[in-house]
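The values are calculated or read from the model by the stated rules, or taken from the named source; none is laboratory data. Since the structure is predicted, the reported quantities are computational estimates derived from the model, not experimental observations. Virtual Cβ from ideal backbone geometry, glycine too; neighbours counted across all protein chains shown.
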């Protein structure tokens, strides 16, 4: 790569924080005892077991203060994906006698989309709400889509690819208006994995019955998630066994993970006021640097109603997988929605939903900042990205018309 | 250069490896013979271009062929595409000009498999990314034939033999998809590809997925239209 005339950055520049985050040392510290000496089974009938149980309940209480709910409404799971599955399939199994219609959006995480598709195969009817070019749902379309047979509406709080924040509280009001007083249906579920640490998680203000959260996006451990489940919401478990988590999710509790997750969420929600403006400023610096140094790019997602750490751009005339692999050689970790990078060889469903043409989707790049991102890293990234793009464009035989 | 895979891939229970070989990486990160900004630094007498931006792959090849010896003296290229597309064009350009230049007749026989072999293989799901190199080359050689008044030597472009026993080409697979086959299984059912030569089935699967996502991106995608 001599002709590029750049040296890799001395340390890793991690700009894929929407994928997962590093673990906070404070989080690791509270987890450690439960991985070492305090290994007791929370189901044990001795004080050693009670202590583990108390640690889990304490975690539940911490999370409930941030969600403005009761501690008994928090179900711990193995991941955000599992929480989404539990909310959707659990609702479907428990309420199919009332109806078999589900509403979601075209831009959900695969954990929601593929779960809904599995239910379609099992005879359920699913409406996929479309989004505008900024990735926002249309609340009128939502209102029209709700039928007497609708048992669930699942809308993500913030999109993981383009960072657009959906109007959850407004959607919650519309759903409440249409709700069947007797059955309480349809339930309203939101996947808030990308929103934690950035937005309020007050389930009452949002009007949601279920909310998915996970640890690995908020500087907590991987392999642990939670589902907020409003009192009197009826769902069936997906995993059967020893009646843990109020009989909704069996399996010996991941005590260290749960304790770490609660600590991470606590730190994330408490630092929101200072961290959000800080990261936003850094993000804006990165974006304006890119816009100044690279021509023919478009910014995807909502211009203002978006996650403060997210940049999603499409760079004309080059392909995203090649770009990401070059950036990796320079020690910069990023993501793309290009078909060539996906296991299914399909271009990102989110970018198709916002009506980006295929040739432009191929050149997409996601940069998501984290709390360890520094000014120096941003400066290096701008300079390096510009050089790599220039190189790939010089090698490219196409020159797409730029229309924005 | 940073080395990525020091140990061999873990092959999943479905048998699909993922990482790129060292040769692919070398040609991707240090591509040979590429043309900057669409202007080769050498005189050329054949140009070929295939692919489309919407499909995510596009390739252009420039050739200088010595008419006396019928050998390829220079080869330049441009590629829009992912790592494997860039690497396969780069390695093809090296194959063409090394050892005094390849004879035109031999160059016309280069298949995707030859390029793959030289690259040390590709992850199976990336194989379709290397299908354009030999096609662009063929187009460039035909252009040379036309430019040098050797019209009788122009060869038919396009199809590539997949199932050698049943003589099923990639065109047949493309046609099957265009006529409604929506999955690998349906493609096999329609074309009988693999019945003669089962070893071609992974390639058939690749091509089926490639053409399905090319022509029917929405049917094949996660999002279905509202009802």
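Points worth noting:
- Applying the set (1) within 20 Å of residue A:107 (Cβ to Cβ); (2) surrounded by fewer than 23 Cβ atoms within 10 Å (Cβ to Cβ); (3) touching a strand residue (DSSP E or B) at 6+ places or on another chain (Cβ under 9 Å) to residue A:336 leaves exactly one unmet item: (2).
- Tally of residues being within 14 Å of another protein chain (Cβ to nearest Cβ) and over 14 Å from the mean Cα position of the chain (by Cα) across the stretch B:61-98: 2
- Hey, residue A:184 over 24 Å from residue A:257 (Cα atoms), at pLDDT 95 or above and surrounded by fewer than 24 Cβ atoms within 10 Å (Cβ to Cβ) or not: yes
- From the options A:33, A:8, A:22, residue that is at pLDDT 95 or above, over 15 Å from residue A:226 (Cβ atoms) and part of a loop (DSSP other than H, G, I, E, B): A:22
- Residue check, residue A:135 on the phi > 0 side of the Ramachandran plot and surrounded by 21 or more Cβ atoms within 10 Å (Cβ to Cβ): yes
- For the stretch B:45-60, the candidate set comprises residues that are facing chain A (nearest Cβ under 9 Å) and not in a strand (DSSP E or B); within that set, the residue that is surrounded by the fewest Cβ atoms within 10 Å (Cβ to Cβ) is B:54.
- Filter result (crowded, with 24+ Cβ neighbours inside 10 Å and more than 15 Å from residue A:154 (Cα to Cα)) within the stretch A:197-216: A:197, A:198, A:201, A:214, A:215
- Within the option set A:270, A:285, being free of Cβ contacts under 8 Å to residues at least 12 places away in the same chain and more than 14 Å from chain B (Cβ to nearest Cβ) holds for one residue only, A:270.
- Taken over the stretch B:101-157, the criterion of being over 19 Å from residue B:90 (Cα atoms) and modelled with pLDDT under 80 is satisfied by B:124, B:125, B:155, B:156, B:157.
- Failed item, numbered, when residue A:361 is tested on (1) more than 8 Å from every other protein chain (Cβ to nearest Cβ); (2) at pLDDT below 95; (3) out of contact with any helix residue (DSSP H, G or I) (no Cβ under 7 Å at 6 or more places or on another chain): (3)
- Of all residues making up the stretch A:1-31, the number that are without any contact (Cβ under 8 Å) to a residue 24 or more places away in the chain and away from chain B (no Cβ under 14 Å): 2
- Counting residues in the stretch A:344-354 that are touching a strand residue (DSSP E or B) at 6+ places or on another chain (Cβ under 8 Å) and surrounded by fewer than 21 Cβ atoms within 10 Å (Cβ to Cβ) gives zero.
- Only one of the listed residues (B:80, B:42) is in the same structural domain as residue B:123 (by TED's automatic domain parsing), touching a residue at least 12 places away in the same chain (Cβ under 8 Å), farther than 14 Å from residue B:92 by Cα and buried (at least 24 other Cβ atoms within 10 Å of the Cβ). That residue is B:80.
- Of all the residues in the stretch A:23-47, those that are surrounded by 13 or more Cβ atoms within 10 Å (Cβ to Cβ) and farther than 30 Å from residue A:271 by Cα number 5.
- As for the stretch A:247-256, it holds at least one residue that is in contact with a strand residue (DSSP E or B) (Cβ under 7 Å, 6 or more places away or on another chain) and closer than 18 Å to residue A:85 by Cα.
- Residue match in the stretch B:26-40 (condition: modelled with pLDDT of 90 or more, within 11 Å of another protein chain (Cβ to nearest Cβ), part of a strand (DSSP E or B) and within 21 Å of residue B:108 (Cβ to Cβ)): no
- Candidates A:259, A:276, filtered to the one that is outside any loop (DSSP other than H, G, I, E, B), touching a helix residue (DSSP H, G or I) at 6+ places or on another chain (Cβ under 7 Å) and at pLDDT 95 or above: A:259
- The number of residues in the stretch A:279-296 being in contact with a helix residue (DSSP H, G or I) (Cβ under 7 Å, 6 or more places away or on another chain) and either part of a helix (DSSP H, G or I) or surrounded by 20 or more Cβ atoms within 10 Å (Cβ to Cβ) (or both) comes to 6.
- Test: residue in the stretch B:141-149 that is surrounded by 13 or more Cβ atoms within 10 Å (Cβ to Cβ), under 20 Å from the mean Cα position of the chain (by Cα) and more than 21 Å from residue B:74 (Cβ to Cβ): no
- A search for C-beta distances below 9 Å between a residue of the stretch A:113-136 that is in the same structural domain as residue A:351 (by TED's automatic domain parsing) and any residue that is surrounded by fewer than 15 Cβ atoms within 10 Å (Cβ to Cβ), counting only pairs 6+ apart in sequence or on different chains, returns nothing.
- Residues located in the stretch A:288-332, provided they are free of Cβ contacts under 8 Å to residues at least 40 places away in the same chain and within 14 Å of chain B (Cβ to nearest Cβ): A:321, A:325, A:328
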